[in-house]
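A.B. asks: One structure coming up, written as structure tokens, with questions to follow.
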Amino acid sequence: MGSISLQKVHKAFGNTVVIPEVNLEIADNEFVVFVGPSGCGKSTLLRLIAGLEDMTGGTISIDGKDVTREPPARRGLSMVFQSYALYPHMTVYGNIAFPLKMAGMEKSAIDTKVRDAARILNLTDYLERRPGQLSGGQRQRVAIGRAIVREPKAFLFDEPLSNLDAALRGSMRLEISELHHKLQTTMIYVTHDQIEAMTMADKIVVLNAGNVEQVGSPLELYRNPQNLFVAGFIGSPRMNFLQGETARKLGAATIGIRPEHLELSTSEGLWKGEVGVAEHLGSDTFLHIDVAGVGQITARADGEFALRHGETVYLSPVEKQLHRFNDEGRAI
Amino acid sequence: MATRQTRTLARFMMAPSVVLLLIWMIVPLAMTLWFSFQNYNLLMPANRSFAGFFNYIYFYTDPAFFQSIANTLAIVLGVLAITVIGGILLALLLDQPIFGQGIVRILIISPFFVMPPVAALVWKNMIMHPGYGVFADISRFLGLRPIDWFAQYPLLSIIIIVAWQWLPFATLILLTALQSLDEEQKEAAEMDGAGAVSRFIYIILPHLARAITVVILIETIFLLAVYAEILVTTNGGPGYASTNLAFLVYRTALLSYDIGGASAGGVIAVVLANIVALFLMRAVGKNLDR
Amino acid sequence: MARAVSSRRKTIVTIVAWVIAFVIFFPILYTVITSLKTEREAIDGISLIPSGTFENYVEVQAQRDYWKPFTNSVIISIGSTLIGLVIAIPAAWAMAFSPTKRTKDILMWMLSTKMMPAVGVLVPLYLLFRDTGLLDTRLGLTIVLTLVNLPIIVWMLYTYFREIPGEILEAARMDGASLMKEIVYVLTPMAVPGIASTLLLNIILAWNESFWTIRLTAANAAPLTAFIASFSSPLGLFWAKLSAASTLAIAPVLIMGWFSQKQLVRGLTFGAVK
């Protein structure tokens, strides 16, 4: 059982308030992603849950039990650090066995568990190596292995993929998701990459300057962002925001329309503009268009759409997909 | 990470070092200060009286005192000049690809690990000796009269010996700093049309500036206290020609048994060292902030 | 140089470097060579080929009054280093892992005590030692050397401890390790290389210390520094033996020094150059 509850969690370092107040419920077996820009407090929040930092206010409960005063070792959680934090002087076997050794488990029992974890993560051939002799991806798996053997109530991941190259990141994303299905354990995952968030999460918590902007499933956040921040953070390329006259005509202080929700035509449309930079990805084309009197708009077109720099294009937003925001940036 | 518990524990852990060094620093220094105002000679220990500033004035008017200050400065500046310039050149040399780099490095750093009495003895008897020394043999080979180094150039001889010992230190520090210079910076300068000399002046030297400063300051601290080399070779002579402040204080204390005078000299030495220390701390302190 | 250098250039530079290295190393080399000569050869003038006799070493070793200073050197170097480590490790640990606003000031102050010139406290220390019976004792000398080198030991350990990534210690905490277990299983193994480096450098510095070891000792506790210094007026008749004694005196530390170049840079620049 791995349900976690955060009530009125408050964190300040001296006079600097990093997290004003967070209330959050995490159900057992959920994959929750904390996402947000650098410095938004997501790692701090994770560390508060882990017990590596003391809360300045509020409580945290795991499975109904208040663990606010408990040290990390007694919370029954495992953490995978961004730098993996492997013990350099121990072998892979030693690293994975360490938590079990600390728990006072018997040697033969430790051996079984370590080898099981190694098998799940394809590390059996590397058990006698030291971290220094492993590649980045392998080290990461050792870190995960060390976290698994404890059979924790929840796993905490602190930006685990940011030190890997793009290709490896893609495959590790899949592996972690599969691990979640296999282990059926709560996972709390911190990242600044919204693609990781969207692809892996059951529930996303968007954080900005220590405040929870919105909590919801990936598609909820995509379809119904509650404010400008979430709307601009989720989705790549970013949602287009238009203000002023254009927005007022459509009934709001700010209008948001995603690049993929614009209809393009060479003959007619609501807005007329000139193509600036055209990014051809093969499957898609992203056009950066300058619309007079409205602003810069990014639009996604089918890969075959053959417009180039300087040419004229007409854009029409899909009415159903228009997002309207009021003066305070909240969705109307 | 620091909770109140950890903080009290930390204080306990630091206590022995701090307390010991505190005692080590304050008690003897205070006593030196006290003695410096006393008329106290070990040959007549019963005759103790308050002397006011007499010792300082005596020291100040002693011609040996000024000579010793001059000699101290000469040693410090002389060795600094040789080691810093030599160190830069050697560092540049060792930064190049060489066959047997490791061994060359070991040979060059060796003098630093030779204890000063041995270094002094070897130089005095085997190299600079006018009868049997290597320099003498070379002079005779060239048809010149051998120099009696310690009689004719006592201070210079000391400077040479001490510089020999400290050159490796400067070389090692500067070489380490040199090797931390990004290769790409030098290449960028080359692309910008800078020749080897320009690259040295505008890219390498500024990069080394910090290391050079550290070398100068640390060497100065140790060079102010050169002692064993003088003791073993010239004993400060002829006359006071090779006596530095440290040696003068030693002589006053343990050869003339003038406790009061030696203490005054000691206080002066401490003041001198503190001035240098001030600059060194700033240099090191900047590093701590990283 | 990242680029390939012409082998002609490399050869020229190599020759220059080797010549300079030879010149610098020469005094040491010559001492060793002389130690392998007979006394007659030693006086006879410069020759780089000794007769290869070990008689000097045998004679030096047979003389009890060589072994005493040697033993003294060993005892006070290792002794002062070990005591220094015992005092310094907790201090450096505390400053590296529980730093406060005062930590930097305390470190700088410790540094400043190292800069105090020995003659500044020669008088009181000499008198104190005389009156407490510590003069010419290994104990007294060990105490002085411990205090003299304590700042360097603390500083070096501090810089090594600071390099241990905090996250690894946190991982140990997450893995259920108590403070004691964290220190024993994770911190200490990772700190051992740093402690070893500090130990090495400090033994070297203590072995070579040439002020207190000469001034505070006489027949009993004199280490090699004082022993060799007492030959400052040689009669010229036993240079070969003196060379042998010198070689024996510098050999241990010279070899240790060859392996501790990096430690030297870190230790003596107080971490300012790394």
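The values are calculated or read from the model by the stated rules, or taken from the named source; none is laboratory data. Quantities reported herein were computed from a predicted structural model and do not represent experimental measurements. Backbone-built Cβ (ideal geometry, glycine too); neighbour counts: all protein chains shown.
A.B. asks: Does the range A:291-306 include one or more residues that are at pLDDT below 90, part of a loop (DSSP other than H, G, I, E, B) and under 21 Å from A:E319 (Cβ atoms)?
C.D. replies: yes
A.B. asks: Continuing with this model, one more query. Among the listed residues B:I147, B:I138, B:I204, identify the single one that is under 30 Å from C:Q263 (Cα atoms), of a type in the set (A, V, I, L, M, F, W, C) and under 30 Å from the mean Cα position of the chain (by Cα).
C.D. replies: B:I204
A.B. asks: May I pose another question? Quick check: is even one residue across the range B:184-204 of a type in the set (F, W, Y), outside any loop (DSSP other than H, G, I, E, B) and more than 8 Å from chain C (Cβ to nearest Cβ)?
C.D. replies: Yes; the residues of the range B:184-204 include at least one that is of a type in the set (F, W, Y), outside any loop (DSSP other than H, G, I, E, B) and more than 8 Å from chain C (Cβ to nearest Cβ).
A.B. asks: Still on this structure: What about C:T137, is it more than 23 Å from C:T269 (Cβ to Cβ), surrounded by fewer than 20 Cβ atoms within 10 Å (Cβ to Cβ) and more than 7 Å from chain B (Cβ to nearest Cβ)?
C.D. replies: Yes.
A.B. asks: If a residue has to be among the charged types (D, E, K, R), under 23 Å from B:V214 (Cβ atoms) and either in a helix (DSSP H, G or I) or within 7 Å of chain C (Cβ to nearest Cβ) (or both) to count, how many in the range B:83-134 make the cut?
C.D. replies: 1
A.B. asks: Would you please name the residue that is nearest to A:H10 (Cα to Cα), looking only at residues in the range A:54-74 that are within 14 Å of chain C (Cβ to nearest Cβ) and surrounded by fewer than 19 Cβ atoms within 10 Å (Cβ to Cβ)?
C.D. replies: A:D54
A.B. asks: Could you tell me whether any residue of the range A:108-124 is in contact (Cβ under 8 Å) with a residue 24 or more places away in the chain, within 14 Å of chain C (Cβ to nearest Cβ) and of a type outside the set (V, I, T)?
C.D. replies: Yes, there is a match, as at least one residue in the range A:108-124 is in contact (Cβ under 8 Å) with a residue 24 or more places away in the chain, within 14 Å of chain C (Cβ to nearest Cβ) and of a type outside the set (V, I, T).
A.B. asks: Let me ask something additional. Only one of (1) touching a residue at least 40 places away in the same chain (Cβ under 8 Å); (2) within 30 Å of A:Y84 (Cβ to Cβ); (3) of a type in the set (A, V, I, L, M); (4) crowded, with 17+ Cβ neighbours inside 10 Å is not met by A:M198, so which one is it?
C.D. replies: So A:M198 meets the others, but not (1).
A.B. asks: Regarding the range A:254-271, can at least one residue be identified that is without any contact (Cβ under 8 Å) to a residue 40 or more places away in the chain, among the charged types (D, E, K, R) and assigned to a helix (DSSP H, G or I)?
C.D. replies: For the range A:254-271, residues without any contact (Cβ under 8 Å) to a residue 40 or more places away in the chain, among the charged types (D, E, K, R) and assigned to a helix (DSSP H, G or I): absent.
A.B. asks: If A:E25 satisfies all but one of (1) in contact (Cβ under 8 Å) with a residue 40 or more places away in the chain; (2) within 20 Å of the chain's Cα centre (by Cα), what's the number of the condition it fails?
C.D. replies: Among (1) in contact (Cβ under 8 Å) with a residue 40 or more places away in the chain; (2) within 20 Å of the chain's Cα centre (by Cα), the lone unmet condition for A:E25 is (1).
A.B. asks: Condition test on A:V92, is it touching a Leu at 6+ places or on another chain (Cβ under 7 Å), farther than 22 Å from A:G137 by Cβ, more than 14 Å from every other protein chain (Cβ to nearest Cβ) and surrounded by 21 or more Cβ atoms within 10 Å (Cβ to Cβ)?
C.D. replies: no
A.B. asks: I need a count of the residues in the range C:14-45 that are touching a Phe, Trp or Tyr at 6+ places or on another chain (Cβ under 8 Å), modelled with pLDDT under 90 and facing chain B (nearest Cβ under 10 Å).
C.D. replies: 4
A.B. asks: Starting from the range A:164-180, keep only residues that are small (G, A, S), then list their pairs with residues that are surrounded by 16 or more Cβ atoms within 10 Å (Cβ to Cβ) and not in a helix (DSSP H, G or I) whose Cβ atoms are within a distance under 9 Å, requiring at least 6 positions of separation or different chains.
C.D. replies: These pairs meet every condition: A:S177/A:F31.
A.B. asks: Now, a different point. Would you be able to tell me the number of residues in the range C:170-179 that are outside any loop (DSSP other than H, G, I, E, B) and either at the interface with chain A (Cβ under 8 Å from one of its Cβ atoms) or within 32 Å of the chain's Cα centre (by Cα) (or both)?
C.D. replies: Total satisfying the criteria: 5.
A.B. asks: Let me ask something else about it. Can you tell me which residue within the range A:41-69, out of those that are in a loop (DSSP other than H, G, I, E, B) and within 20 Å of A:M187 (Cα to Cα), is nearest to the chain's Cα centre (by Cα)?
C.D. replies: A:G41
A.B. asks: From the list A:E21, A:E30, A:E53, A:E25, which one is charged (D, E, K, R), modelled with pLDDT under 90 and touching a strand residue (DSSP E or B) at 6+ places or on another chain (Cβ under 9 Å)?
C.D. replies: A:E53
A.B. asks: Being part of a helix (DSSP H, G or I), at pLDDT 95 or above, surrounded by fewer than 22 Cβ atoms within 10 Å (Cβ to Cβ) and under 23 Å from the mean Cα position of the chain (by Cα) is the requirement here; does B:I161 meet it?
C.D. replies: no
A.B. asks: Right, here's the next one. Based on what the data block shows, is B:L248 closer than 27 Å to C:R162 by Cα, in a helix (DSSP H, G or I) and more than 7 Å from chain C (Cβ to nearest Cβ)?
C.D. replies: no
A.B. asks: In addition: Which condition number in (1) more than 10 Å from chain B (Cβ to nearest Cβ); (2) under 24 Å from the mean Cα position of the chain (by Cα) is the one that C:G257 fails?
C.D. replies: That leaves (1) as the condition not met.
A.B. asks: Then there is this: If we keep just the residues of the range C:192-229 that are of a type in the set (G, A, S) and within 14 Å of chain B (Cβ to nearest Cβ), which is farthest from B:M115 (Cα to Cα)?
C.D. replies: Top of the filtered list is C:A218.
A.B. asks: Collect the residues in the range C:61-103 that are more than 9 Å from chain B (Cβ to nearest Cβ), aliphatic (A, V, I, L, M) and more than 16 Å from C:N220 (Cα to Cα), keeping them in residue-number order.
C.D. replies: C:A62, C:I78, C:L82, C:I83, C:L85, C:A96 - these are the residues of the range C:61-103 that are more than 9 Å from chain B (Cβ to nearest Cβ), aliphatic (A, V, I, L, M) and more than 16 Å from C:N220 (Cα to Cα).
A.B. asks: Considering only the range A:239-263, state which residues are surrounded by fewer than 15 Cβ atoms within 10 Å (Cβ to Cβ) and either basic (K, R) or not assigned by TED's automatic domain parsing to the domain that holds A:L287 (or both).
C.D. replies: A:R248, A:K249, listed by residue number.
A.B. asks: Quick one: which helices (runs of 4 or more DSSP H) sit completely within the range A:109-222 and have at least 1 residues that are at pLDDT below 90 and more than 17 Å from the chain's Cα centre (by Cα)?
C.D. replies: Passing ranges, in order: A:136-148, A:166-183.
A.B. asks: Of the numbered conditions (1) facing chain B (nearest Cβ under 10 Å); (2) surrounded by fewer than 23 Cβ atoms within 10 Å (Cβ to Cβ), C:L122 fails exactly one; give the number of that condition.
C.D. replies: (2)
A.B. asks: Can you tell me which condition C:Y158 does not meet? The list is (1) surrounded by 23 or more Cβ atoms within 10 Å (Cβ to Cβ); (2) more than 9 Å from every other protein chain (Cβ to nearest Cβ); (3) farther than 30 Å from A:Y84 by Cα; (4) not polar (S, T, N, Q), and all the others hold.
C.D. replies: (3)
A.B. asks: Criterion first (modelled with pLDDT under 90 and buried (at least 16 other Cβ atoms within 10 Å of the Cβ)) does A:M79 satisfy it?
C.D. replies: So A:M79 does not fit the description; no.
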